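J.: Could you have a look at this structure, given as structure tokens, before my questions?
The values are calculated or read from the model by the stated rules, or taken from the named source; none is laboratory data. The shown structure was predicted, so the numbers you read here are calculated from the model rather than taken from an experiment. All Cβ positions, even for glycine, are placed from backbone atoms using ideal geometry, and neighbour counts span all protein chains on display. Just so you know, the surface numbers come from the protein's heavy atoms only, side chains and all, with ligands and any DNA or RNA stripped out. Shrake-Rupley method; radii C 1.70, N 1.55, O 1.52, S 1.80 Å.
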Amino acid sequence: MEISIQLEEAAFLMKGWRDSFDVIGFDPVPIMTRLSEMLENGAYVIINKLDAQLKNKLLYEYMEVAPDYTCSLNSFRNNLITASLRMALGISVVNGYYLFTQPQTSTIRRLICLSMVPIEPMQSYAIGLLAIAMDTVDTVEYYRMENSKLMPVFFNKLRRLNDLPESEFGVKHVISEFPLSRMMQQAFILRFLTAMKSDLFCNMHLETVSQSDNLNLILSYLTIEDSYDERLVSETLKYLLTLMDCEDFCYTFLAHGGLECILYIPRVSILNNDLSMVIYTLLQYEGVMYTVCNARKAWLGCLISMVLWLLEDWEFVSTKQNNYMALFLACNFRFIGLLNEFDAHCGLTKLHSMLAVVADQPFSNKASLDLCVAYKSYLYTHLVVRCQQPQIKVDKSSLEHSNSMMEMILKEDNIEWMPVEYLLQLGSLKSILKIIYQSSYHCAPLEADIMKIECALGVLAIASSVHSVKILLSESMDFANELLTGLDVTLKVAMNCGFEKIALRIIVNCICGPNGPSDRMLNLVRFSHGFMILVDVLKETEDETNEVLKKLAKRALKVLLKFDEIKQIVSKILPKDIYCLEGNEESFIKKSNILEILSKFQLGLHTRTKAVSLSKHIIYSKYAPLQVFKLQKNNYPLFTCANFMNNANTLVTADNKGEVRIYNLDTKRIDKIFITEEGIEQLEVRHGGGYILLSKANQCTPTPSDSFLCCIKSHSCKIFKGQSFMEFNHFGEQNMVLGTSWGCATIFDLNVSGTAVQKFRPTFSNQYSFNKATFNIDDRLLLFDGVLFDVISGTEIHRFEKLNLIQNGVFHPNGLETIINGEIWDLRNFGLVKTVDNLKDRKVLFSPHQQIIYGTSLVQQEAFTCSMTSNFTTLDAQDYESIGNIIVAGGIRNVDVNRSSSLVAVVEWKAWNSEVRIYGAGLNWNEDCA
């Protein structure tokens with residue numbers, strides 16, 4: 001109701017204003033005064049009623065002055081200009097640059113002229129408007145000559161105002177536009193000076209303000225006691241902030257006692273943001289901070305007290321002031337004096353209060369990054385102090401230097417290190433682990449999170465040298481209702497983000513101490529990506545830095561070699577000079593070699609004639625397109641998958657809109673179509689026909705997804721809640737389906753309405769990104785998340801060593817091997833047979849006659865933003881030798897092979913279009929498909 005009344009009054013006033021434009025002797029001052037009062041009382045909605053005609057009157061006609069305008073004009077003209085300036089200021093406070101659309105506007109020249117006229121309040125209103133007009137660098141530059149003349153005038157005006165009692169202007173302690181207070185007059189001038197931040201104008205400006213009397217005048221606004229006003233202090237801090245971009249000014253500022261003035265400013269929340277930015281900007285320069293640390297110790301104590309007070313307002317962790325203070329600490333913890341004062345003031349307690357709030361937030365923010373940087377800097381400086389005892393500051397870290405100091409720490413028995421123990425006691429390390437988990441445990445990290453993850457891992461890389469932290473990492477914690485060990489979270493995220501070198505330091509700390517690791521810790525390192533990290537480091541290209549890391553990796557690997565399975569795998573994937581860590585350890589290699597002779601893969605299962613091999617290479621090394629199927633472009637449906645039905649002339653497709661189509665390959669027509677509720681990512685057709693399994697997910701994540709069993713004839717669908725993937729069993733009538741959900745594989749019996757009859761949960765799982773449970777060829781074995789189960793008894797048989805982050809793998813139809821991301825494992829002794837690079841990070845599909853392997857790219861869940869390769873590979877299923885690399889026109893989304901292995905259906909994406917192409921095996925692209 002109040003807003004409508006205000007709008008009604010404003011409309012009435014403005015109408016009267018317009019109607020009286022041509023009336024001789026009309027005085028608009030009362031109308032403009034009333035409208036200004038409404039604006040000053042917060043009725044900003046009336047600005048919408050100000051049309052172009054009134055704006056022109058306000059800015060051009062009423063403010064019209066000659067270049068040599070003086071106070072000799074009559075009072076009517078003065079009152080008209082003052083009222084016009086006042087109203088324009090009220091509008092501009094809300095709309096900023098709204099009134100000044102061009103730097104060359106004549107209005108700005110009028111304001112420059114009026115700001116030189118010593119008539120109040122007209123001059124101060126003109127200065128206030130001019131400060132808003134100079135909002136852009138272009139405007140400051142355009143009026144550089146005029147501004148250079150205004151600055152001395154304004155400094156003199158500041159000096160006069162500073163010496164006058166507030167009573168001369170009527171209102172004390174209150175900044176108001178009308179009646180105009182002395183404080184507001186000074187605030188207008190400070191706003192104008194703050195706008196003078198152009199690079200070309202900077203030297204002249206700095207020279208003016210750096211003069212002792214001018215700088216002391218500015219600093220006096222920070223120490224006024226009898227008429228203290230927070231808003232005036234805020235304007236002063238904003239002005240000083242623009243000057244502190246110049247390092248030379250910062251030294252001048254210190255010399256004039258500027259830091260002391262800042263440190264003794266009364267602590268009121270309205271100044272938090274300005275104070276934080278000034279402290280951070282002033283002390284971002286190493287030389288300036290060095291000067292502060294060498295000055296009186298009381299300065300550092302007051303500085304830390306101010307910083308911690310600004311941090312203490314942790315309720316606003318997403319606001320700028322807390323970020324700046326965390327960043328200030330991160331940059332300056334390497335100064336020993338500041339670090340000691342921080343500890344003396346129990347700074348970690350207040351820093352943790354902020355960290356605990358940030359860690360519980362489900363989203364990423366800048367505060368969490370700044371805090372992780374601060375904690376890493378804090379611990380690293382303590383590490384250097386403990387090992388080298390520097391006097392003033394520590395240099396920035398290098399990997400080799402950090403590792404050498406960590407080795408010194410690690411040699412101590414049962415080390416007790418108070419900074420780390422205190423972090424543990426406060427719960428800060430648990431909060432760090434939460435931040436790591438949220439950033440990248442179940443997803444690829446955002447670019448903004450990479451540095452945060454690196455710093456958080458860096459904190460643990462130092463802290464894990466302490467025994468109590470090792471215990472923390474080995475304990476299960478609740479991460480978003482998921483029980484995981486800290487070590488598992490740490491090492492998996494390190495792998496996801498490419499920080500294996502930091503993870504290596506954590507591994508070495510955990511298992512290479514003087515007292516040796518516990519069996520639990522050894523198993524945790526092994527099952528929590530530790531072995532995979534060691535292998536990756538040892539496989540890297542050699543250089544000086546990597547040699548240091550390889551020594552650490554060999555040291556940790558030597559500890560893991562107590563496991564026979566690790567010994568066998570190492571002998572297969574690492575060069576002899578790496579895995580022969582000591583001369584007396586070669587015996588296990590000899591044993592491995594004897595077993596490999598014995599396994600010349602039995603009864604010549606993989607021998608075959610050269611003629612058969614040659615025919616495979618001739619047929620399956622080349623493919624040519626025979627048919628293509630496209631979708632209409634309504635709502636941009638995109639094919640996601642395609643499967644041949646049992647008979648060769650039928651193809652089933654699904655798209656991202658949930659439509660399933662059945663094509664007749666002979667007629668190219670759609671025989672049937674039915675629609676599901678949501679987009680389909682994968683489908684599988686029952687061998688005998690009649691039923692289709694549809695899955696909505698492309699990856700298995702903690703977020704539940706659903707799958708469907710659909711009857712082709714009736715179009716009816718049974719939903720399987722929470723099952724990300726589904727597949728039919730392989731043997732017999734296919735009356736069972738196997739579902740994959742997060743942490744569990746389930747067998748459903750279709751003979752009893754799809755009832756769940758058996759569940760499989762690994763004791764230790766590998767948590768692959770593409771974890772899809774699968775049966776072997778006779779349905780007696782089940783592979784789920786890198787763990788092999790006996791289906792009949794439901795028991796866990798073996799967990800395959802985790803050597804990749806990506807996928808669970810498939811069984812070879814020969815019944816003797818399983819393929820996990822290019823790793824070929826023998827099911828008879830669970831040894832690693834070999835690795836096949838052409839199958840790494842590829843989805844594996846066997847031809848129905850079991851002679852050919854097709855490898856295609858894995859497609860991430862975020863299909864619209866991921867990159868898909870435009871090729872698929874063919875390999876010999878008996879010896880894994882490469883046959884062909886077939887390049888197609890678009891990115892490959894899905895591949896399927898028909899029953900005779902003569903045709904391949906490929907779902908291809910090109911930008912926002914998709915198509916299914918049918919390729920014929922053994923055909924030349926040009927000759928056979930003309």
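J.: So, with +1 on the Cβ of K and R and -1 on the Cβ of D and E, and no other charges, what is the size of the charge dipole of the chain about its Cα centre, to the nearest 20 debye?
T.: Working: 86 positive and 103 negative charges, 427 e Å.
It comes to approximately 2040 debye.
J.: Suppose the chain between R386 and E475 were pulled fully straight at 0.36 nm per residue; how much longer would it get relative to their current alpha carbon spacing?
T.: Numbers: separation 89, 0.36 × 89 = 32.04 nm, distance 2.80 nm.
Computed gain between R386 and E475 is 29.2 nm.
J.: Averaging the inverse of every distinct alpha carbon separation and then flipping it gives the Kirkwood radius. What is it for segment 696-739, in angstrom units? Mind showing how you got there, number by number?
T.: Values: mean 1/r = 0.0871 Å⁻¹.
Evaluated over segment 696-739, this radius sits at 11.5 Å.
J.: Another question, then. Report, by chain and number, residues whose modeled amide H sits under 5 Å from the one on G722, excluding near sequence neighbours (fewer than 5 apart, same chain).
T.: Answer set, sorted by chain and number: S705, D706, S707.
J.: Compute, for R77, the solvent-accessible surface of its heavy atoms (probe 1.4 Å) with the complete set of protein chains present, and express it in square angstrom to the nearest 10.
T.: Number for this one is 50 Å².
J.: Residues of the chain: accessible area per residue at 1.4 Å, in Å²? Don't skip to the answer; put the middle values down first.
T.: Details: 39990 Å² over 930 residues.
That works out to 43 Å² per residue.
J.: What do you reckon, how do S305, S439 stack up by accessible area (1.4 Å probe), largest on top? Can you show the working numbers first?
T.: Numbers: S305 40, S439 10 Å².
The ordering from most to least exposed comes out as S305, S439.
J.: Assign one of three labels to segment 108-163, namely rounded, prolate or oblate, based on the Cα gyration tensor with a ≥ b ≥ c the square roots of its eigenvalues; rounded applies when a/c is under 1.5, prolate when it is not and a/b is larger than b/c, and oblate otherwise. Please report the intermediate quantities before stating the final value.
T.: Working: a/c = 2.01, a/b = 1.55, b/c = 1.30.
Prolate shape, in that a/c is at least 1.5 and a/b is the bigger ratio.
J.: How far is it, in nm, from the label point at E286 to the one at E677 when both lie 7 Å from their Cα along the line to the Cβ?
T.: The answer from the label model is 6.1 nm.
J.: Turning to a different aspect of this structure: Aspartates and glutamates near K562 by alpha-carbon distance under 14 Å, same-chain residues fewer than 8 away left out - which ones?
T.: D519, E582, E585, E586
J.: Tell me the mean residue ellipticity at 222 nm calculated for the chain from its helices only (DSSP H runs of n ≥ 4, each -39500 (n - 2.57), averaged over every residue, nearest 500). Kindly include the intermediate steps, with their values, before the conclusion.
T.: Values: 35 runs with 410 residues, N = 930.
Calculated mean residue ellipticity at 222 nm is -13500 deg cm²/dmol.
J.: What's the FRET efficiency of S305 with E230 using the Cβ-Cβ distance as r and R₀ = 22 Å, to the nearest 0.05?
T.: Working: r = 19 Å, r/R0 = 0.88.
In this case the efficiency is close to 0.70.
J.: Test of understanding: what is the full-extension gain from E400 to Y44, defined as 0.36 nm times their sequence separation minus their Cα-Cα distance? If you can, show how the numbers build up before the last one.
T.: Numbers: separation 356, 0.36 × 356 = 128.16 nm, distance 6.11 nm.
Full extension from E400 to Y44 adds 122.1 nm.
J.: Considering only protein heavy atoms, what is the solvent-accessible area of T252 at a probe of 1.4 Å, reported in Å² to the nearest 10?
T.: Answer for T252: close to 40 Å² accessible.
J.: Let me ask something else. For segment 463-540, what size does the Cα cloud have along each of its three principal axes, sorted from largest down, in whole Å?
T.: 35, 32, 20
J.: Take the Cα pairs of segment 355-405, get the Kirkwood Rh, then feed it into Stokes-Einstein at 37 °C and 0.692 mPa s and tell me D in µm²/s.
T.: It comes out at roughly 259 µm²/s.
J.: Hey, if we sort W299, W925, W309 by accessible area with the 1.4 Å probe, largest down, what's the order? Each step should come with its number before you reach the end.
T.: On the way: W299 35, W925 120, W309 55 Å².
The most accessible residue leads, giving W925, W309, W299.
J.: Let's test the formula: R0 of 60 Å, r as the Cβ-Cβ distance of L614 and Y422. What FRET efficiency results, to the nearest 0.05? Let's see the in-between values first.
T.: On the way: r = 71 Å, r/R0 = 1.18.
Once the sixth-power term is evaluated, E becomes 0.25.
J.: Same structure again: What is the log10 of I(q)/I(0) for segment 387-542, computed with the Debye formula using one identical point scatterer on each Cα and no solvent, at q = 0.13, 0.21 Å⁻¹?
T.: The Debye formula, applied to the Cα set alone, gives -0.59, -1.56.
J.: Starting from a Cα-only point model with no solvent, please compute log10 I(q)/I(0) by Debye for segment 209-258 at q = 0.26 1/Å.
T.: Values returned for q = 0.26 Å⁻¹ are -1.03.
J.: Further question on the same structure: Which value, in debye to the nearest 20, gives the size of the charge dipole of segment 647-763 about its Cα centre, when Lys and Arg are +1 and Asp and Glu are -1 at the Cβ?
T.: In total the dipole reaches around 100 debye.
J.: Could you give the radius of gyration (one decimal) and Dmax (whole number) of the Cα atoms in segment 322-408, in Å?
T.: 13.7, 41
J.: To the nearest 0.05, what FRET efficiency results for K558 and N414 with a Förster distance of 25 Å applied to their C-beta separation? Don't skip to the answer; put the middle values down first.
T.: Working: r = 23 Å, r/R0 = 0.90.
Taking R0 as 25 Å, the efficiency between K558 and N414 is 0.65.
J.: Further, regarding this structure: Rounded to a whole number of µm²/s, how large is the Stokes-Einstein D of segment 717-852 at 10 °C and 1.306 mPa s, given Rh as the Kirkwood radius over C-alpha pairs? Don't skip to the answer; put the middle values down first.
T.: On the way: Rh = 15.2 Å.
This corresponds to a translational diffusion coefficient of 104 µm²/s.
J.: Continuing with this model, one more query. Measure out, as a whole number of angstrom, how far apart the alpha-carbon centroids of segment 327-406 and segment 791-843 sit.
T.: Taking the Cα centre of each part, segment 327-406 and segment 791-843 sit 44 Å apart.
J.: When the dipole is taken about the Cα centre of segment 459-518, and only Lys, Arg (+1) and Asp, Glu (-1) are charged at their Cβ, what size is it in debye, to the nearest 20?
T.: Working: 4 positive and 5 negative charges, 58 e Å.
Using Cβ point charges on Lys, Arg, Asp and Glu, segment 459-518 gives about 280 debye.
J.: Give me the one-decimal nm value for the distance between modelled label points at K721 and I5, 7 Å along each residue's Cα-to-Cβ direction.
T.: Taking the two extended label points, one gets 5.6 nm.
J.: Could you give the distance between the Cα centres of segment 121-146 and segment 736-766, to the whole Å?
T.: One Cα centre to the other: 73 Å.
J.: Rounded to whole Å and sorted largest first, what semi-axes of the equivalent ellipsoid does the C-alpha gyration tensor of the chain yield via the square root of 5 times each eigenvalue?
T.: On the way: eigenvalues 963, 326, 104 Å².
Whole-Å semi-axes of the equivalent ellipsoid: 69, 40, 23.
J.: Next question. How big is the accessible area of K297 in square angstrom, nearest 10, if you roll a 1.4 angstrom probe over the protein chains?
T.: 150
J.: For the pairs K297/K393; K630/K910; K576/K843; K470/K492, flag any whose C-alpha to C-alpha distance is greater than 19 Å. Don't jump to the answer; show the numbers that get you there.
T.: On the way: K297/K393 15 Å; K630/K910 12 Å; K576/K843 31 Å; K470/K492 17 Å.
Checking Cα-Cα distances, K576/K843 exceed 19 Å.
J.: Could you give the nm distance between label points at K713 and K15, where each point is 7 Å from its Cα heading toward the beta carbon?
T.: About 7.8 nm, to one decimal.
J.: Moving on. Can you tell me how much longer the chain between D245 and L164 gets when fully stretched, taken as 0.36 nm per residue apart minus their C-alpha distance, in nm with one decimal? Please report the intermediate quantities before stating the final value.
T.: On the way: separation 81, 0.36 × 81 = 29.16 nm, distance 3.20 nm.
Stretched out fully, the D245 to L164 stretch lengthens by 26.0 nm.
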